[in-house]
Amino acid sequence: MKTGRLNLRISENRLNKLKAYAQNREKTVTHLIEDWIDSLPSQKSGDSDARGLANAALSSTPCPVNPAD
């Protein structure tokens, strides 16, 4: 499988929270993000508004909450 690279700028606080969440679940941050991406609905072929689909998925997909927060 060919892989790509994603660079993301987020606050240090959010990054620490994400790392702690991943560690608590014995996963890597990459694995968490891949799992989230895999949970997104697939785009129908011929659908020209991929950005609209992504925005709908982002606004309707809840982020996991760490009970320790």
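Go through (1) modelled with pLDDT of 95 or more; (2) more than 15 Å from the chain's Cα centre (by Cα) one by one and return the number of the condition L32 breaks.
Exception for L32: condition (2).
Go through (1) among the hydrophobic types (A, V, I, L, M, F, W, C); (2) at pLDDT below 90; (3) open to solvent by 100 Å² or more (accessible area, probe 1.4 Å) one by one and return the number of the condition L8 breaks.
(2)
Does K19 qualify as being modelled with pLDDT under 95 and among the basic types (K, R)?
Numbers: modelled with pLDDT under 95: no; among the basic types (K, R): yes.
It is false that K19 is modelled with pLDDT under 95 and among the basic types (K, R).
The values are calculated or read from the model by the stated rules, or taken from the named source; none is laboratory data. Given the structure is predicted, the values throughout are model-derived calculations rather than measurements. Just the protein is used for accessible areas: all its heavy atoms, side chains included, with ligands, DNA and RNA removed. Shrake-Rupley method; radii C 1.70, N 1.55, O 1.52, S 1.80 Å.
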